[in-house]
Amino acid sequence: MRDLPRRRIWLAAIGVLALVGGPFATYQLTHTAERSPALLLADLAVGWSMIAAGLLIADRRPGNRIGPLAILTGLAWFAGDFTSSDVAVVSYLATLAHGWFDPLFALVILAYPTGRIIRGVDRFLAIGFIAVQAGWTIAKAIGMRPIAWWDCPTCISTVDAWFAAYLALDPIGRVETLLLTALSVGVLMVVVARWQRATGTARQRLAPVVLAGAVLAGGFVVTFLLQTIVPTSAREPLGELRVIVLAVLRVLVAIGLLIGVLRADSARGRIADLVVRLDGLPPLPVLQASLRDALGDPSLKVFRWEPAFAGFADAAGRPSDRPGADGSGRTVLTIGDGASPDLVIEHDPSLRDDPGLVSAAAAAVRLAAENERLQAEVRAQLESVRASRARIVEAQDDQRRRIERDLHDGAQQRLVSLQLSLQMLRRSLGPNADAGTLAELDAATAEASAAIADIRELARGVHPAILSEAGLGAALASLADRTPIPVVIDDGLDRRLPAAVEATAYFVVAEALTNAIKHAEAGRVEVRTSLADDHLRVEVHDDGRGGAEPSKGTGMTGMQDRVAALGGTVRIDSRRGAGTWLEVDLPCALP
Amino acid sequence: MKAATVVVVDDHAGFRATARRVLEGDGWTVVGEAEDAASALTAIAALRPDVVLLDIGLPDLDGFGVAERIAEALDGGPAVVLVSSRDRSAYGGRLAASPAIGFVAKHELDGPGLRALIAEAPR
């Protein structure tokens, strides 16, 4: 932010200089000949429009060299006017600057719209223009140097001598014109070729440079013809018309370039948007639309490799031949492993004129694809961990169920038989039996009964049979019956739930009841179960003293783990003095 | 009083033997035994006992299922008494919903008790 004002001050200074200096430069033209107002106005308009376009581009697109280049072009234009100055030194220096307008203009055309000249032909033309113009400038500097203008800088005689020297350089000037004419035709061919390759908005965007190329080349060709074919007498009126027509065209070109650069460069902003928008890889049609938008190529297509049929599919999912292999000259860009890409982007070849843009978009897509892959990987791992946790809980439940059954079928059965046998034995002994023997028998029977009760309690603790037999509601009711404080059950379940869900809910309530009695010293507990959207909700509320910290006790922590393993949540609100409120939410897909 | 007939159904041979001794000691006539649901249904159809002492935990079909089959197949058939080594609270509402006339925990089994249960049951 601190740099911005300084930069703007510079641009404003150039603007003021052009505003004031422009008319002054144009005024110089009147020193050497009568000039019509139209011609003067045209001269002013060309310089101003180029500088204005350059300033706006430099302000809006600070990184784009077209801004400074266009400003220089405009300044060179006005500098040329000073060749007509009645001050010899000014005129001499202006002569050296004169003629740089067209080479700079050519650079603007070649650098359009990104500000960089990348391709070989373009570079050759740019260097050619600079080299020829530099040669001509050196020739002028040397050829006119012997005139001792510094003896009398303001003398008309000096200017006349200087002009004579300039005329003596005419043969070199003609060669220069010929070379620049050839180069300008080359520039025109390059931009026309670019324009022909492009489609859609890319083609529209190239229209100003095609016009610019035509103006550049046209101007040179006409000048060349004037110098070589048209008789000197006919030059002057033709000259004025030529200047005015060219000027109007140049103003149009400046406006077109300005619009083109501002619009083209906003593509970079759209790439930035693209990066933000591509949070993971969107569906192919969305990706294609985003890329079309970002790159300004409505013909762009995205293809995805489909392992299902070992081929590429387009955005609509239709199988497609290997993109770009149809010889249509479309450019393809692959994303992913070079030999077997995941994604292929087929785009207009003209986008290659700005390889940075396409590679930025490709990088954005690559990033999104990589993101997507990593996210999918993490999701898969999470899902696998979640599934394995749920399986562990289920396996644990199965094991407990089996232990409970084994206890009943094994030890419990034998104890029951033993007890019944003891009872029969006692009866068979009759009333006259030895009192000591009877007492022993009674003690043994009582012992067997106690063992049976113990095993029953143990088995119920391992896994309450009623849970499998009659479901959560009945199991909770049975649990309430065995709890020494009043437990009010509001059973809102109308169907059986998956065994793991029922068991988890049961054990959570059992743990909550244990805590309510042991730690909270509650006098009453309410348990409510309900089912909504395939989620079981269990609420347990006691009137105890609260202040429970679930992280402290292993019991509730274990329950929370169990609930989490099934993808559920536990919420505990236990403010001191306000009782403990516990809510469990368990997803239960239909069994 | 004529000795009532009973069929004992349990997959544990040990308990079947004990139950036979307990019941016969109390004047019951144990006319048959079965170790699973399928043979129980066959035996009951053939022997037509007055009472079926039916274990809930059978390997093929549980006691509740067998009781329902008996009720469906034999109208006015035997009185079914369910037994289990678990106590009644393990079965919740299933006991009340069953056509069986009652439940006895195995360790509480005795002849007079069974007779009283049947006498109390609405026929």
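Table for the structure above
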quantity	calculated
Matching residues in the range B:11-21 - criterion: being within 9 Å of chain A (Cβ to nearest Cβ) and either crowded, with 22+ Cβ neighbours inside 10 Å or within 22 Å of B:THR42 (Cβ to Cβ) (or both)	B:ASP11, B:HIS12, B:PHE15, B:ALA17, B:THR18, B:ALA19
Residues within the range B:54-100 that are among the acidic types (Asp, Glu) and outside any loop (DSSP other than H, G, I, E, B), tallied	3
Qualifying residue in the range B:45-53 (condition: closer than 19 Å to A:SER421 by Cα, within 14 Å of another protein chain (Cβ to nearest Cβ) and part of a helix (DSSP H, G or I))	no
Single residue of A:GLU502, A:GLU549 found to be crowded, with 17+ Cβ neighbours inside 10 Å and either in a loop (DSSP other than H, G, I, E, B) or modelled with pLDDT of 90 or more (or both)	A:GLU502
Those residues of the range A:122-161 which are buried (at least 18 other Cβ atoms within 10 Å of the Cβ), modelled with pLDDT under 75 and hydrophobic (A, V, I, L, M, F, W, C), in sequence order	A:MET144, A:ILE147, A:TRP149, A:VAL159
Unique residue being among the basic types (Lys, Arg), surrounded by fewer than 20 Cβ atoms within 10 Å (Cβ to Cβ) and at pLDDT 85 or above when the list is A:ARG60, A:ARG65	A:ARG65
Yes/no for A:ASP86 being in contact with a His (Cβ under 6 Å, 6 or more places away or on another chain), surrounded by fewer than 18 Cβ atoms within 10 Å (Cβ to Cβ) and modelled with pLDDT under 90	yes
All helices (runs of 4 or more DSSP H) inside the range A:386-497 with 1 or more residues being surrounded by 15 or more Cβ atoms within 10 Å (Cβ to Cβ) and away from every other protein chain (no Cβ under 13 Å)	A:435-462
When residues of the range A:571-589 are limited to those that are more than 13 Å from A:ARG537 (Cα to Cα) and not hydrophobic (A, V, I, L, M, F, W, C), the one surrounded by the most Cβ atoms within 10 Å (Cβ to Cβ)	A:THR580
B:ARG88 basic (Lys, Arg), closer than 16 Å to A:ILE466 by Cα and surrounded by fewer than 20 Cβ atoms within 10 Å (Cβ to Cβ)	yes
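The values are calculated or read from the model by the stated rules, or taken from the named source; none is laboratory data. Keep in mind it's a predicted model, so treat the numbers as computed, not measured. We place every Cβ from the backbone using ideal geometry, glycine too, and count neighbours over all the protein chains shown.
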